[in-house]
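Colleague: Got a structure for you, written out below as structure tokens; questions coming shortly.
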Amino acid sequence: MLEFNHILLIGLALSFVIQVLYHWLVFARLAYYKSQKKSKKKRPVSVIIVARNEYHNLIKTLEPILNQDYPEFEVVVVNDNSNDETHFYLEELEKSYAHLKVVQINQSLNFFSGKKFPLSIGIKSAIYDTLLHIDADCRVSSNKWIATMQSAFLAKTQIVLAYAPFKSDDGFLNKLIRFDVFMDALNYLSFALLNMPYKGVGRNLAYSKQMFYQNNGLIAQYKISYGEDDLFINQSANKINTRICIAPESFTYSVPKKNLSLWLKQKKHQLSTISLYKAKHKLLIIVYPISLYLFYALSITLLFLNSWIIVVLILLIIRISSFLRIQKIALDKLHEQKLLLLSPLLELLLFAVQAFVMALNIFNKKINGSRYSFNR
């Protein structure tokens, strides 16, 4: 019969193997990715932006998009019941840019909470099949953003996943938020390269209008306030119709939250949609963090028990070295700076925060469900 410390060692070995396999079979796909074939065809493009009280962001975001170096495109801005100066700003811009289309939505027309209804209206208003999505508070990295994104569309491509980092600034919270976005991209871009795409981010995403309607748009998600980007991609993406684009010219940058509570609220919204992913995708997402904490918990336990010390130390050194190696290559690939040395700590902290937020989501859902049942 196996002794207790032998069982712990077996668990440690299994979690170690899972970690290293993720590093070199999954994350390495992105880290060592080399740009593949690009389309030479210049498809006309519709850029979709949903804005609600985004005047101060639009004055920085919109003109660099309107002035893209691309032969044929339009920019569709859906003004979702803004009560700031958005309407007047867009009205003035329309006089100078014939390819700017403004769609006004009154609150009385938006029967659903969140971004899904105005986004659907924007897509319906677009005249071209290739749709590029960007948030009102994002900044394109170059005047080649449209050209670079659309060049990823080959004959069978219907979805292009891209990278949307946050701007670097001082402070630990900034590093944690940037690392969060990086790790998220490392996952969804790597799995897309493994022919298992499962999400995208609306801050930088492209797909065809035809495919949008073939998959019934966002009808299945209207009762959910969030997830208009990742849930749609989760239901629509497959190994044939999805490609990635990580050229620096395709990046779109956002300013991260400067307050911890605001960031946690944002995380709550983002993580609330994971429960609606396909079962296989949920498994892909949770295996890595579970094995990570299992690995460290078992390592600490065995060291505390003064058992298999040499083996534990060797596995710790190999695991951390493997992680740092793949992180360095992937961080360089996505042009992220000043995160490598802190990455082991940031990883542990990030997944702890995510576990905490997801637990809160489950708890709140049970509370709300109980109240709903009682009211019924």
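Computed from the coordinates by the stated procedures, all read-outs in this text should not be read as laboratory data. Note that this is a predicted model, so its numbers are computed, not measured. When we count neighbours, we look across all protein chains shown, and the Cβ atoms used for this are built from the backbone with ideal geometry, even at glycine.
Colleague: Between Asn241, Phe295, Gly227, whose Cα lies farthest towards the positive end of the dipole of the stretch 184-318 when Lys and Arg beta carbons carry +1 and Asp and Glu beta carbons carry -1, centred on the Cα centre?
Modeller: After comparing all options, I get Gly227.
Colleague: Using Cα pairs under 8 angstrom and six or more residues apart, how large is the relative contact order of the chain, in percent? Could you put the intermediate results ahead of the total?
Modeller: Working: 573 pairs, mean separation 82.8, N = 376.
RCO, the chain: 22 percent.
Colleague: Of all DSSP beta bridges located in the stretch 45-258, what percent are antiparallel, nearest 5?
Modeller: On the way: 9 of 31 bridges.
Given both bridge residues lie in the stretch 45-258, the antiparallel proportion sits at roughly 30 percent.
Colleague: Within the chain, what is the longest stretch that has no GluC sites (Glu not before Pro) placed in a DSSP loop and near at most 16 other beta-carbon atoms within 10 Å? Numbers along the way, then the final one.
Modeller: Numbers: sites that count: Glu3, Glu72, Glu85.
My reading of the result: 86-376 is the longest stretch.
Colleague: At 222 nm, what helix-only mean residue ellipticity would the chain give, in deg cm²/dmol to the nearest 500, using -39500 (n - 2.57) for each DSSP H run of four or more?
Modeller: -16500 deg cm²/dmol
Colleague: Select from Tyr188, Val78, Leu93 the residue farthest towards the positive end of the dipole of the stretch 45-258; place +1 on Cβ of Lys and Arg, -1 on Cβ of Asp and Glu, and compute about the Cα centre.
Modeller: The residue sitting most towards the positive pole is Tyr188.
Colleague: For the chain, how big is the tail of P(r) above 41 Å, as a whole percent of Cα pairs?
Modeller: Values: 12018 of 70500 pairs.
So the portion of pairs separated by more than 41 Å is 17 percent.
Colleague: Mean Kyte-Doolittle of at least 1.0 plus a Cα span of 18 Å or more along the axis: flag which DSSP H helices in the chain meet both, please. Mind dumping the intermediate values first?
Modeller: On the way: long enough: 4-21 (26 Å, 2.05); 172-193 (31 Å, 0.90); 279-304 (37 Å, 1.51); 309-333 (36 Å, 1.70); 343-375 (47 Å, 0.60).
Qualifying helices, which must be both long enough and hydrophobic enough, are 4-21, 279-304, 309-333.
Colleague: While we're looking at this one, here's another question. Let's see if you can work this out: charge +1 on each Lys and Arg Cβ, -1 on each Asp and Glu Cβ, no other charges. What is the dipole magnitude of the stretch 45-258 about its Cα centre, in debye to the nearest 20?
Modeller: On the way: 21 positive and 22 negative charges, 140 e Å.
The dipole of the stretch 45-258 has a size of about 680 debye.
Colleague: Local charge sum around Asn53 (other residues, Cβ-Cβ under 12 Å, Lys/Arg +1, Asp/Glu -1)?
Modeller: Details: positive: Arg52; negative: Glu54, Asp80, Asp84, Glu85, Asp137.
Residues close to Asn53 contribute a combined charge of -4.
Colleague: For the stretch 45-258, what relative contact order do you get, as a whole percent, if you take Cα pairs closer than 8 Å and at least 6 residues apart?
Modeller: Numbers: 422 pairs, mean separation 58.4, N = 214.
Over the stretch 45-258, the number comes to 27 percent.
Colleague: Restricting things to alpha carbons, find the Rg to Rh ratio for the stretch 104-237 using the Kirkwood radius for Rh. Intermediate results must be reported in sequence, preceding the final value.
Modeller: Details: Rg = 15.6 Å, Rh = 16.1 Å.
Taking Rh as the inverse mean 1/r over Cα pairs, Rg/Rh reads 0.97.
Colleague: Counting Lys and Arg as +1 and Asp and Glu as -1, what is the net charge of the other residues whose Cβ lies under 15 Å from the Cβ of Ile177? Working shown, then result.
Modeller: Numbers: positive: Lys167, Lys175, Arg178, Arg203, Lys257, Lys258, Lys265, Lys267, Lys268, Lys338; negative: Asp137, Asp169, Asp170, Asp180, Asp184, Glu336, Glu347.
Neighbour charge sum, excluding Ile177 itself: +3.
Colleague: If you place +1 on the Cβ of every Lys and Arg, -1 on the Cβ of every Asp and Glu, and leave all else neutral, what size is the dipole of the chain about its Cα centre, to the nearest 20 Debye?
Modeller: On the way: 44 positive and 26 negative charges, 207 e Å.
Once rounded to the nearest 20, the dipole reads 1000 debye.
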